[in-house]
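See below for the structure under consideration.
The values are calculated or read from the model by the stated rules, or taken from the named source; none is laboratory data. Predicted model, so just to flag it, every value in this text is computed and none were measured. Note: ideal-geometry Cβ built from the backbone for every residue, glycine included; neighbour counts use all protein chains shown.
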There are 2 protein chains.
Amino acid sequence: MAGGLTAAILAVGSELLTAHKTDTNSLYISEVLNDLGIAVAFKTIVGDRRDELAAQVAHALARHEVLILCGGLGPTDDDLTREVVAAHLGLPLDEDPAIVEAMEQRFAARGWKMPAINRRQAQVPRGAVVLGNPHGTAPGLWLERGAHAIALLPGPPREMKAMMGGDVRRLLAGRAGSVRLRRRLLRIAGKGESMVDELVAPVYSQWLKQSPPIETTILAGLGQVELHLVTQSADAASADAALHRAVSEIEGVLGPDLISTDGTVLEAVVGELLRQRGWWVAFAESCTGGLATSRMTDVAGSSDYVERSIVAYSNRAKTELLGVSPALLAEHGAVSEPVALAMAAGIRQRAGVNIGIGITGIAGPGGGTEQKPVGTVCVAIDGGEATTVRTFRFPGSRDMVKQMSANWAIDMLRRYLLKG
Amino acid sequence: MAGGLTAAILAVGSELLTAHKTDTNSLYISEVLNDLGIAVAFKTIVGDRRDELAAQVAHALARHEVLILCGGLGPTDDDLTREVVAAHLGLPLDEDPAIVEAMEQRFAARGWKMPAINRRQAQVPRGAVVLGNPHGTAPGLWLERGAHAIALLPGPPREMKAMMGGDVRRLLAGRAGSVRLRRRLLRIAGKGESMVDELVAPVYSQWLKQSPPIETTILAGLGQVELHLVTQSADAASADAALHRAVSEIEGVLGPDLISTDGTVLEAVVGELLRQRGWWVAFAESCTGGLATSRMTDVAGSSDYVERSIVAYSNRAKTELLGVSPALLAEHGAVSEPVALAMAAGIRQRAGVNIGIGITGIAGPGGGTEQKPVGTVCVAIDGGEATTVRTFRFPGSRDMVKQMSANWAIDMLRRYLLKG
């Protein structure tokens, strides 16, 4: 992100440090900053403690031009943001009579008298711009000191968003110049994180040397890998062109392992392939317990191509509902490729759809054997003319095995559709 | 927490700084630290940049005894945590042959050869304790230097939790004092957050005045509310007794809306009720697309009471597989109480189980009408002798409607079982 402005975000409030709260304000703040081409270097949550907050403010301003603080502007003793920032910059605090009057009116409109402690909220570091708060009592503050721009925003999301998306955005845009961030999210299936990296590292390592440079981040999920490409440029067209070239190179390297190049999730990609063909699918699930179908139907409009699904947990259900013969179950066991194929064929024929998918496995933690340990899962696709079947050995917990199985089943369907 | 150890948490990963990701690992880490009486002073998210990460490590260790880092232990070039921490402490990195061997075996078990870059994950700062990772390739690391204790944990939540809750907790306990947090987690269904608060506030407001005081946090989820009770004492017995009394008071106020008082999840509570009776259930799902069954089968051993499930997305499937008459569908529409009841009865009879559950609704975003807007969902329980049916109007996105529907269906089953 060489050349552009960099920013730090400080969320202030002891409640944000408990095990049950998470800071979401910084997501919106990041979005606005990124839109302006300002990279977020770090974001920190700090409690209502003067020394800790002061140390964080000093750390942030020593390294970055932009500092956005959120929270700690309330009227009580533990609201310290105004004082700490003013002290760090060596600015005195003055009471702003216009703020006092606006707050008094706000209280009066509800038939209340303003408590005396609210006067704290009218304290303004000398030279600061006061940012109006249509949704609450605490005004925001904007300070510029040399290369630094500092915004103090209230913690309630509605109040913060109105200011960050309005006044602060406008004030920052004046400093940020014309550089903007552009990003692409590529989704990959069928390979682990390190395998993907081995393949794409020779490609993306070149991108850092070109102009504009592209930064790459690899992220592993359950059965999927994400590749994030980010570039920054004053010229949106050349940035987009650079990203387009980069994506083409990755396509060349990864081929059909690439699920999408615009962030589209696997189940939506598969849904679109089915919709293009006017095809219907039906699932016969055992160890996934309905998860594969549930994921397919997370996509709006999936009733256009998902006809039905049967969760056949018991052998009896596999026989009654899918026509899997008891002899086959006895010979190969419920977790076997022949049974997965029979489940796929059974659901396809009985539902009268184009493609049937069969999933059978051992999610654990019990039920494993030496030959078929926990995590053994067979997935079959039956499209009438062609069938395909695979056996997996997934690591991890019951939940992981379910997630990985559903993911691979949907990805096998994607690959089947790409070939057909 | 005066006098006790203080800690900083650093989550490492550029993807965590984007506008669409949030760090949740720090919540679990905070919980473990708080349990041990270690206060969290701040938590920071920093990208995969050497200079920023190094500055954060220096800042944290200059102020606090405990530093927990999470992420950046992967095999790729942008995984910098090991190197940065080792450099800060002036420790050389040595390759640990035991780690290399364990990783090679892990790859071999899946029929793959370990890519060369994974050797990076075997680099260990001299003197560090290696923490085993049953769920992934990256081992964790534990370093003690004078007053400082530093843990390096992998980013994937499953891997992090196993280490933080196991080895790191044990190692930290040796350094922390004898004050411990005790907590109880109560799960509540059928009421919103503010309704629960209105009922229980008169009760829990008294707890702050007693000794040891109990702090209460209310958290809203999709269709559920969590009540966290926390107390802190060097005397575990009196803390537990105080929590026990508090839970009894809440039971008196909330009655059957209380799912569990020990954190047990809804689907496990329902599973236990079914197991006690030796009963079987089967689901007939439409708008939830298999999600209710998938959630029921998240519990190990659920094959003892979940017999089968049918996802009947189309009207044809509702008729063929569940015996819902076309006349009924035409008269009332697919999303109606009569159809939900017919689905429940159909699956119960055809599966030959004790209880059938029918779920039909409009998950959206399309498909709503003025009379039956998006979010309209009918759930029916048929136990043969008695039936129950309800119509809901859920707010929110498709995913939220699915989640709320599955949750309410399973909770209706719980209430049905409590009565029977």
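Selection within the range B:242-269: residues that are more than 23 Å from B:Ser405 (Cβ to Cβ) and not in a helix (DSSP H, G or I). The member of this set that is modelled with the lowest pLDDT is B:Gly263. Between B:Ala345, B:Ala386, the distinction of being away from chain A (no Cβ under 14 Å), more than 25 Å from A:Gly301 (Cα to Cα), surrounded by fewer than 17 Cβ atoms within 10 Å (Cβ to Cβ) and among the aliphatic types (A, V, I, L, M) belongs to B:Ala386 only.
Let me confirm something: among A:Ala128, A:Ala176, A:Ala162, which residue is in contact with a strand residue (DSSP E or B) (Cβ under 6 Å, 6 or more places away or on another chain) and more than 14 Å from chain B (Cβ to nearest Cβ)? Don't jump to the end; show me each part of the working.
Numbers: A:Ala176 fails: in contact with a strand residue (DSSP E or B) (Cβ under 6 Å, 6 or more places away or on another chain); A:Ala162 fails: in contact with a strand residue (DSSP E or B) (Cβ under 6 Å, 6 or more places away or on another chain).
Every option except A:Ala128 fails the conditions.
Among residues of the range A:285-341 being of a type in the set (D, E, K, R), farther than 18 Å from A:Gly367 by Cβ and surrounded by 17 or more Cβ atoms within 10 Å (Cβ to Cβ), the one that is farthest from the other protein chains (Cβ to nearest Cβ) is A:Arg295.
Table: residues versus (1) among the aliphatic types (A, V, I, L, M); (2) at pLDDT below 80; (3) out of contact with any strand residue (DSSP E or B) (no Cβ under 8 Å at 6 or more places or on another chain).
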position	(1), (2), (3)
B:Arg187	no, no, no
B:Leu199	yes, no, yes
B:Ser205	no, no, yes
B:Pro213	no, no, no
B:Ile218	yes, yes, no
B:Leu227	yes, no, no
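All of (1) surrounded by fewer than 21 Cβ atoms within 10 Å (Cβ to Cβ); (2) in contact with a helix residue (DSSP H, G or I) (Cβ under 9 Å, 6 or more places away or on another chain) hold for A:Arg158 with one exception: (2). Which ones in the range A:389-420 are touching an Asp or Glu at 6+ places or on another chain (Cβ under 9 Å), within 14 Å of chain B (Cβ to nearest Cβ) and of a type in the set (A, V, I, L, M)? Those that are touching an Asp or Glu at 6+ places or on another chain (Cβ under 9 Å), within 14 Å of chain B (Cβ to nearest Cβ) and of a type in the set (A, V, I, L, M): A:Ala406, A:Ala409, A:Ile410.
Within the range B:121-128, at least one residue is crowded, with 19+ Cβ neighbours inside 10 Å, assigned to a helix (DSSP H, G or I) and in the same structural domain as B:Leu89 (by TED's automatic domain parsing).
Please work out if B:Leu222 is in contact with a helix residue (DSSP H, G or I) (Cβ under 9 Å, 6 or more places away or on another chain), buried (at least 22 other Cβ atoms within 10 Å of the Cβ) and not assigned by TED's automatic domain parsing to the domain that holds B:Glu307. Break it down stepwise before answering.
Values: in contact with a helix residue (DSSP H, G or I) (Cβ under 9 Å, 6 or more places away or on another chain): yes; buried (at least 22 other Cβ atoms within 10 Å of the Cβ): no; not assigned by TED's automatic domain parsing to the domain that holds B:Glu307: yes.
Against the criterion (in contact with a helix residue (DSSP H, G or I) (Cβ under 9 Å, 6 or more places away or on another chain), buried (at least 22 other Cβ atoms within 10 Å of the Cβ) and not assigned by TED's automatic domain parsing to the domain that holds B:Glu307), B:Leu222 does not qualify.
Working only within the range B:348-361, note down all residues that are over 17 Å from B:His332 (Cβ atoms) and either more than 12 Å from every other protein chain (Cβ to nearest Cβ) or of a type in the set (Asp, Glu) (or both). If the condition is that a residue be over 17 Å from B:His332 (Cβ atoms) and either more than 12 Å from every other protein chain (Cβ to nearest Cβ) or of a type in the set (Asp, Glu) (or both), then B:Arg348, B:Gln349, B:Asn354, B:Ile355, B:Gly356, B:Ile357 are the ones that fit. In the range B:189-239, what residues are among the hydroxyl-bearing types (Ser, Thr, Tyr) and touching a Pro at 6+ places or on another chain (Cβ under 9 Å)? Those that are among the hydroxyl-bearing types (Ser, Thr, Tyr) and touching a Pro at 6+ places or on another chain (Cβ under 9 Å): B:Thr231, B:Ser233, B:Ser238. Taking each residue of the range B:191-211 that is within 30 Å of B:Trp408 (Cβ to Cβ) and looking for partners that are of a type in the set (Lys, Arg) and surrounded by 11 or more Cβ atoms within 10 Å (Cβ to Cβ) with beta-carbon atoms closer than 9 Å, six or more apart or interchain, yields B:Leu199/B:Lys191. If you go through the range A:362-383 and keep only what is away from chain B (no Cβ under 12 Å) and in contact (Cβ under 8 Å) with a residue 60 or more places away in the chain, you end up with just A:Val377.
The residues listed here are B:Val57, B:Val46, B:Val40, B:Val84; of these, the one that is of a type outside the set (Ser, Thr, Tyr) and closer than 30 Å to B:Leu185 by Cα is B:Val40.
Of the residues that make up the range B:368-375, is at least one part of a strand (DSSP E or B), out of contact with any Asp or Glu (no Cβ under 7 Å at 6 or more places or on another chain) and assigned by TED's automatic domain parsing to the domain that holds B:Ala344? No; the residues of the range B:368-375 include none that is part of a strand (DSSP E or B), out of contact with any Asp or Glu (no Cβ under 7 Å at 6 or more places or on another chain) and assigned by TED's automatic domain parsing to the domain that holds B:Ala344.
Residue by residue, here is whether (1) under 25 Å from B:Glu267 (Cβ atoms); (2) assigned to a loop (DSSP other than H, G, I, E, B) holds:
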{"site": "B:Arg158", "(1), (2)": "yes, no"}
{"site": "B:Ala162", "(1), (2)": "yes, no"}
{"site": "B:Asp167", "(1), (2)": "no, no"}
{"site": "B:Ala176", "(1), (2)": "no, yes"}
{"site": "B:Lys191", "(1), (2)": "yes, yes"}
{"site": "B:Pro202", "(1), (2)": "no, no"}
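Going through the range A:221-238 one residue at a time, which ones are under 23 Å from the mean Cα position of the chain (by Cα), more than 14 Å from A:Leu258 (Cα to Cα) and in contact (Cβ under 8 Å) with a residue 12 or more places away in the chain? Before the answer, list the steps.
We begin by selecting, within the range A:221-238, every residue under 23 Å from the mean Cα position of the chain (by Cα); these are A:221-232.
Those still in the list that are more than 14 Å from A:Leu258 (Cα to Cα) too: A:221-222, A:229-232.
Residues satisfying the conditions are A:Leu222, A:Leu229, A:Val230, A:Thr231, A:Gln232.
Residues in the range A:47-101 that are free of Cβ contacts under 8 Å to residues at least 40 places away in the same chain, closer than 21 Å to A:Val130 by Cα and within 14 Å of chain B (Cβ to nearest Cβ): A:Val84 only.
Among the residues of this structure, B:Ser248 counts as one that is polar (S, T, N, Q) and without any contact (Cβ under 8 Å) to a residue 12 or more places away in the chain. Can you confirm whether the range B:231-241 contains a residue that is at pLDDT below 95, touching a helix residue (DSSP H, G or I) at 6+ places or on another chain (Cβ under 8 Å) and part of a loop (DSSP other than H, G, I, E, B)? Looking for residues that are at pLDDT below 95, touching a helix residue (DSSP H, G or I) at 6+ places or on another chain (Cβ under 8 Å) and part of a loop (DSSP other than H, G, I, E, B), one finds none in the range B:231-241, hence no. Considering only residues in the range A:1-46 that are closer than 19 Å to A:Ala236 by Cα and facing chain B (nearest Cβ under 7 Å), the one that is surrounded by the most Cβ atoms within 10 Å (Cβ to Cβ) turns out to be A:Asn34.
Residue by residue through the range B:77-120, note down the ones that are of a type in the set (Val, Ile, Thr) and either farther than 18 Å from B:Gly140 by Cα or out of contact with any Lys or Arg (no Cβ under 7 Å at 6 or more places or on another chain) (or both). Explain how you work it out, then say what you get.
Taking the range B:77-120 as the starting set, the residues that turn out to be of a type in the set (Val, Ile, Thr) are B:81, B:84-85, B:99-100, B:117.
Of everything in the range B:77-120, those that are of a type in the set (Val, Ile, Thr) and either farther than 18 Å from B:Gly140 by Cα or out of contact with any Lys or Arg (no Cβ under 7 Å at 6 or more places or on another chain) (or both) turn out to be B:Thr81, B:Val85, B:Ile99, B:Ile117.
Scanning the range B:364-419 for residues that are more than 27 Å from the chain's Cα centre (by Cα) and on the phi > 0 side of the Ramachandran plot yields B:Gly367, B:Gly384.
All conditions in (1) at pLDDT below 95; (2) buried (at least 22 other Cβ atoms within 10 Å of the Cβ); (3) in contact with a Ser or Thr (Cβ under 8 Å, 6 or more places away or on another chain); (4) not in a helix (DSSP H, G or I) hold for A:Leu152, with the sole exception of (1). Listed by position, the helices (runs of 4 or more DSSP H) contained in the range B:1-107 that have at least 1 residues being touching a Cys at 6+ places or on another chain (Cβ under 6 Å) are B:25-35. Restricting the search to the range B:382-420, which residues are more than 11 Å from B:Ile355 (Cβ to Cβ), assigned to a helix (DSSP H, G or I) and not charged (D, E, K, R)? Within the range B:382-420, B:Met400, B:Val401, B:Gln403, B:Met404, B:Ser405, B:Ala406, B:Asn407, B:Trp408, B:Ala409, B:Ile410, B:Leu418 qualify.
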